[in-house]
């Protein structure tokens, strides 16, 4: 009984100090929260005097002393803590910061040595030491800390990532590349960090960086490939990548994806073609829907890169593969037809569309048929263009038939078809173009004028020189108000677009006939723009002022006013 009473008495005696310390800790937290850091520091210090091994109090004391710029005061309590627990990393870290703030480098080094004895293979003590040096902008000190760790651990790749960052900060990009090569070989997960760090190398340092990495491990060489891609040389990077692709399918897929990510900003046909090659390699290592999607992406990349043969190869596989998801097969067909048309292989595009149209939604099939018809028009084959639209009763098809009639010279039929299509077919730009065509042919009295159709077909086919010659000839046989002025205006615009300023000026001045009020202001406006391009600003201003005064009701007057303000320097060029 007596022994039980003694235990109870002892417990009661101990609980009071513990409760008091708990109250002090709570008071320290509250003072911190209120911004009374001096009061909080005093509270935490009281606890540490009674309990030197209280880590929460030590951490709280650091939080309170830091904003007061009294970090050196942490050295004694941190050392007292370590005297009781020589394995606690947080206490070592606090001691390092305290001695560093007290400008005691020998004490910092001593703490690092004691910390490192706990685990000689652990980089953390030296990493913390270097970080403290970096915090004081002492790059050389940080480098010495990291190299000391490397020497102590007898590991040539230890702390390579940290040393790489220091080297880059010192503009030693070749040294940074050597260290990152070591780092990624040891920790492959560092690759993205290494790539982002080395990608910032200036242009004159990049060859040395690439050379160092290319002579490293396969992981380092793949890093070099990604950097080449990120710097814009996709072809060189891809060749290096393929030569060092891992044998493991999973690792190879990861390497290809990292390469594509690195080169995502590279532009131009070559970059697109290489992107297609990498995507094809990914598709070969994938299956199911993912493989189909990658082949479709590869096809588009090949097409953008000017390699239609490879694009067709990818698309033909997709379009004919019964396991390809319907939406992807449809996209493949659309892209395949577009690729063939871009190549000028209209007949093959039409054949592929006929073969695969059953896999397409009706609206998509109609849209592709329109593109095929456009392809035949560009080749000058109006009969095949009409046949491509034979089963299409949409308004868009009617609008295209109107153009075919016009190219045949059937002005009356074309005008009726253009009115029928109205503003409802195609996009706004296409609707505007149809309105312009209607305005072009309405003043002409003849129902049929094949030479005009031939001229407009030349323009549609991209033969601007022939189009201008033919338009000018037709205009010469028409009165100004009967279409002659409007055809000269069109020819002038085409010549201006070709950069033939003298020829364009002659045509536009000929179109500026006061007897044709629907055409003259537009001709004057085009002439003013041409004069500005030619650097004849004063003449352009005179032309615009004349237009505004002579044709105040014209629809081009608002545009003319804005151009006049620009010509006078009232508004900046946009």
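Summary table below
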quantity	calculated
The chain: equivalent-ellipsoid semi-axes (sqrt of 5 x gyration tensor eigenvalues, Cα, Å)	77, 33, 26
Order by protection proxy (mean Cβ within 10 Å, highest first), peptides 114-125, 398-409	398-409, 114-125
Gain upon complete extension [residue 251, residue 49; 0.36 nm per residue less C-alpha separation]	67.2 nm
Alpha carbon centroid spacing (whole Å) that separates region 147-162 from region 465-527	78
Extension gain from residue 85 to residue 351, taking 0.36 nm per residue of separation minus the Cα-Cα distance	87.6 nm
Between helix 537-550 and the chain: long-axis angle, C-alpha atoms, 0 to 90°, nearest 10	60
Sum of -39500 (n - 2.57) over DSSP H runs of 4+, divided by residues of the chain (222 nm, nearest 500)	-23500 deg cm²/dmol
Tail weight of P(r) past 14 Å, computed on alpha-carbon pairs of region 18-71, percent	42
Estimated Rh, region 426-574: Kirkwood, alpha-carbon pairs, angstrom	15.9
Degrees separating the helix 105-118 axis from the principal Cα axis of the chain, which is the longest one	90
Span from the region 274-311 Cα centroid across to the region 543-568 one, whole angstrom	52
With eigenvalues of the C-alpha gyration tensor scaled by 5 and rooted, region 321-478, Å	32, 17, 12
Folded to 0 to 90 degrees: helix 428-441 orientation relative to the chain principal axis, Cα	20
Rg and Dmax of region 361-405, Cα atoms only, in Å	9.5, 29
Point-to-point label distance, residue 555-residue 428, nm (Cα→Cβ direction, 7 Å offset)	1.4
Mean projected area in nm² (Cα convex hull; one quarter of hull surface) for region 83-192	7.0
Cα-derived Rg to Rh of region 109-251, Kirkwood definition	1.03
Label-to-label distance, nm, for residues given as residue 565 and residue 539 (7 Å Cα→Cβ offset)	2.7
Calculated diffusion of region 127-204, Stokes-Einstein form, Kirkwood radius summed over Cα pairs, 20 °C and 1.002 mPa s, µm²/s	172
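Each value in this text was obtained by applying a stated rule to the coordinates, not by laboratory testing. Note that the structure is a prediction, hence the values are computed from the model and not measured. As a convention, Cβ positions derive from the backbone with ideal geometry for all residues, glycine included, and neighbour counts pool all protein chains shown.
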